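> Submitted below is the structure of interest, expressed as structure tokens.
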Amino acid sequence: IVNTPDCRIVDYVAGHCGSAHDSTVFVESSLALKPEVWLAPNEFVWADSAYSLRNWCITPYHRPEHNIPVNRKFNYHMACVRIKAEHTIGFLKGHFSSLRGLRQQIKDERDHELAVYWVISCLILH
């Protein structure tokens, strides 16, 4: 999910298993594939340290640079903005309790497709 600071969802990717890493899924989002469509010049998104740093995707400082006081302060303020992503997911799970956990065993591709269809249907119907 890509969201604004006021928790509005602006982009999402569906269809991956829950074990897929967020950064792996993100590269398939329309934002990552065509950032120039979604972002005006000089606009960017905040991302966590698992994502790749790009001119439109800002990530926190890593070691050893994160130990420099000004970088530590930057990372702190960035975390204050990024927590909105967790709030957005929490809001979705609170509003759509079915998203808290899919109680279906996924054994093959068909089961996976049915699970994705079920989640998307729940979101659309509400």
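> Calculate, for region 1-103, the solvent-accessible area per residue in square angstrom, rolling a 1.4 angstrom probe over the heavy atoms of the protein chains.
In whole numbers, region 1-103 has 71 Å² accessible per residue.
> Now for a separate question. Considering the values (i) 9.3; (ii) 12.1; (iii) 7.2, which represents mean projected area of the Cα convex hull in nm² as calculated for the structure under consideration?
This structure yields the entry labelled (i).
> Hey, what did the chain get for relative contact order, percent, Cα under 8 Å, at least 6 apart? Intermediate values should be presented prior to the final figure.
Values: 105 pairs, mean separation 28.2, N = 126.
It rounds to 22 percent for the chain.
> Within region 1-42, list the residues whose amide N lies under 18 Å from a label point set 7 Å along Cα→Cβ of residue 55.
In region 1-42, the label zone of residue 55 (backbone N under 18 Å from the point 7 Å along Cα→Cβ) covers 31-42.
> Relative to the longest principal axis of the chain, what angle (0 to 90°, nearest 10) does the C-alpha long axis of helix 69-95 take?
20 degrees
> Could you give the angle, 0 to 90 degrees to the nearest 10, between helix 109-125's Cα long axis and the longest principal axis of the Cα atoms of the chain?
Around 80 degrees separate the two axes.
> How charged is the neighbourhood of residue 35? Take every other residue with its Cβ under 13 Å from the Cβ of residue 35, and add Lys/Arg as +1 and Asp/Glu as -1.
-1
> Could I ask something else about it? Per the 1.4 Å probe, what fraction of the accessible area of the chain, in percent, lies on carbon and sulfur atoms?
Within the chain, the accessible surface is 57 percent carbon and sulfur.
> List residues of region 1-43, by number, whose backbone nitrogen lies under 15 Å from a label position 7 Å along Cα→C-beta of residue 111.
Counting only backbone N, you get 17-19.
> Additional query: For residue 73, give me every one of the aspartates and glutamates with a C-alpha distance below 18 angstrom, ignoring sequence neighbours fewer than eight places off in its own chain.
48, 65
The values are calculated or read from the model by the stated rules, or taken from the named source; none is laboratory data. Everything numeric here is computed off the predicted structure, so don't read it as measured data. FYI the Cβ positions are ideal-geometry reconstructions off the backbone, even for glycines, and counts take in every protein chain you see. Side chains included, ligands, DNA and RNA excluded: accessible areas come from the protein's heavy atoms. Shrake-Rupley method; radii C 1.70, N 1.55, O 1.52, S 1.80 Å.
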